[in-house]
Amino acid sequence: MTERDGVVVSTDEDRGSTELLPATRRELWRRLAVGQTEGRAPSMVGAVVRDGRPAWLGLRGTVDGAMPHADMQYRIGSLTKTFVAVLVMRLRDEGLLELADPVGEHLKDTPVPDATVAQLLAHSAGLAAEARGPWWERTPGRLRPGPADIFGERPRRHPAGRRYHYSNPGYALLGALVERLRDGEHWAEVLRREVLEPLEMTRTTPDPVAPHAAGWAVHPWADVLLPEPAEDTGLMAPAGQLWSTASDLCRWAAFLAEGDDRVLSAATVAEMRTPAVPAEGDGSMGYGLGLQLLRTDDGRVLAGHTGSMPGFLASLWVGTDTRTDDGVGGLALANCTSGPAVSGIAADLVRIVAERELSVPAPWRPLAGPLDEELLALTGPWYWGASPFVLRLRADRELELSPVSGGGRSSRFRPEPDGSWTGLDGYYAGETLRAVRAGDGSVSHLDLGTFVFTRAPYEPSAPVPGGVDAGGWRTEG
């Protein structure tokens, strides 16, 4: 905001401001404080991201007698899986694998060669939840020196593709897949070079680098602490090894909300946020491709992940609907094995900002670049039978089809090199839209996944499936 002649004036510059109102900051701080106190966490760090930038940081408790800070490392547990999933999606986008590939095509001697890459990403391969042997999170990785040592005699507990069943060993296989397709380079080194460095996440590492918090167990019936081990989990590391900071995870939240062409396009990140398996239990938690999906009590859908390792809890969520959540993300980190509900805390941080500070739309501007007159001519009313729709031209030659009124099937469409468009969302996601031309070159109709859209309701001259009654429209039935 600026002041002109004694009057405070709002401008478009205010839309990009990450500054939160004092009342919002107070409520965020209270939510973190209540969570740390009631959860009896030695320390807790919370943060909010808005419009791709940090908007709020909360610090609570102590680490080695001092207050934690934004650059303090905490172990983030299964948030590691989101990083591994990004590496796998990069391989897919480079054409080195397909999500439908059986992992056995790339990895030899795996006990589940028929599990597909997509099933591993979405925990739908039916694999065992945990690695064989003693509790892998509290024991050294050398106890499982080879891939065969990760799985027991029953590597699969459910039929592949039938249901969601969380599997830590499944992500061990994905880490091995990354190493195999990156010529044997360790997955953590690939992550550093391809993801962390471009995003300037210099404090995210496989092993702790000072300053970092120590992990503790808190006695359930007394306010006393017990140190927890911090083992290198070896081949299981892709399931939960990483350490990170609030500052770095703010960058990660912004990436999961918007993508970054240096790492993954916005379209691929959106694909990761798309549900890949049905939710189970109460239906509030689903899974995409490497991302957990949370439906909150107020109907908001968040994407991110929770994480836990001995002595640590972590959670990061970003709003998936930029129209209502404005790219808001929240995260919470604590250095205790159990107690504080960090998943709920991180989700509440998103809710508080999204509800208290409603998103401001971007200013309207005309399309950039030269106008394609033929494309402009496609816009306007179209009819599916007698149902009116409107086709609008958006930026970058994208089209948007929506019903004129009431409910109906709406979708956005991305242009393709062959002159067609591909659906991006809604019922027509993945379907092909074509403008079909008559012999004289004029557009006869639109073909959308075999549905015919005409310029007039049941236009007789168009190839309407089943034909149009020769008698035409009439006044009596």
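List of remarks:
- The stretch 436-467 and the stretch 143-205 have Cα centres spaced 50 Å apart.
- Sites VAL34 and HIS219, calculated FRET efficiency, Cβ-Cβ separation with R0 22 Å, nearest 0.05: 0.60
- Once backbone amide H atoms are built at 1.01 Å from N, GLY286 has LEU293, LEU294, ARG295 as its partners under 5 Å, excluding neighbours fewer than 5 places away on the same chain.
- Comparing Cα centroids, the stretch 90-111 and the stretch 256-301 end up 22 angstrom apart.
- Placing a label point 7 Å from the Cα of THR450 along the Cα-to-Cβ line, the residues of the stretch 383-405 whose backbone N sits under 18 Å from it are 384-385.
- The three principal axes of the Cα atoms in the stretch 372-429 give end-to-end lengths of 31, 24, 19 Å, sorted in falling order.
- Once backbone amide H atoms are built at 1.01 Å from N, GLY161 has ALA125, GLY126 as its partners under 5 Å, excluding neighbours fewer than 5 places away on the same chain.
- Scattering curve values for the chain, log₁₀ I(q)/I(0), Debye with Cα scatterers, q = 0.10, 0.13 Å⁻¹: -0.84, -1.22
- A simple rule links phi to the HN-Hα coupling: the Karplus curve 6.51 cos²θ - 1.76 cosθ + 1.60 with θ = phi - 60°, which for the stretch 286-291 gives x, 8, x, 9, x, 10 Hz, with x for Gly and Pro.
- Cα-based equivalent ellipsoid of the stretch 348-477: semi-axis lengths in Å, sorted from largest, via gyration tensor: 33, 20, 14
- With a simple spin-label model that places each label point 7 Å from the Cα along the Cα-to-Cβ direction, the separation between ARG409 and ARG162 comes to 3.2 nm.
- With K and R counted +1 and D and E -1, the other residues having a Cβ less than 12 Å from that of ARG295 yield a net charge of -3.
- For the stretch 203-303, the orientation-averaged shadow of the C-alpha convex hull comes to 9.8 nm² (one quarter of the hull surface).
- Net charge of Cβ neighbours under 14 Å - reference PRO111; Lys, Arg +1; Asp, Glu -1: +2
- Exposure proxy order (Cβ contacts within 10 Å, fewest to most) of TYR74, TYR428: TYR428, TYR74
- Over the stretch 59-152, the pair-distance histogram of Cα-Cα distances with 5 Å bins from zero comes to 2, 11, 15, 17, 18, 13, 9, 7, 6, 3, 0 percent, rounded to whole numbers.
- Structure-based [θ]222 nm, the chain - -39500 (n - 2.57) summed over DSSP H runs of at least 4, per residue, nearest 500: -6500 deg cm²/dmol
- Mean Cβ neighbour count within 10 Å, used as a protection proxy, ranking 246-254, 465-473, 136-144 highest first: 246-254, 136-144, 465-473
- About the centre of its Cα atoms, the chain shows a dipole size close to 980 debye [charges on the beta carbon of Lys, Arg (+1) and Asp, Glu (-1) only; nearest 20 debye].
- Between HIS212 and GLN73, the built amide H atoms are under 5 Å apart, and every one of these is 5 or more places off in sequence or on another chain.
- Peptides 55-67, 31-43 ranked from most to least packed by the mean count of surrounding Cβ atoms within 10 Å: 31-43, 55-67.
None of the figures in this text is laboratory data; all of them are computed from the coordinates on show. Predicted, not measured: the structure shown is a model, and the values here were computed from it. Glycine also receives a Cβ, built like all others from the backbone with ideal geometry; neighbour counts cover every protein chain displayed.
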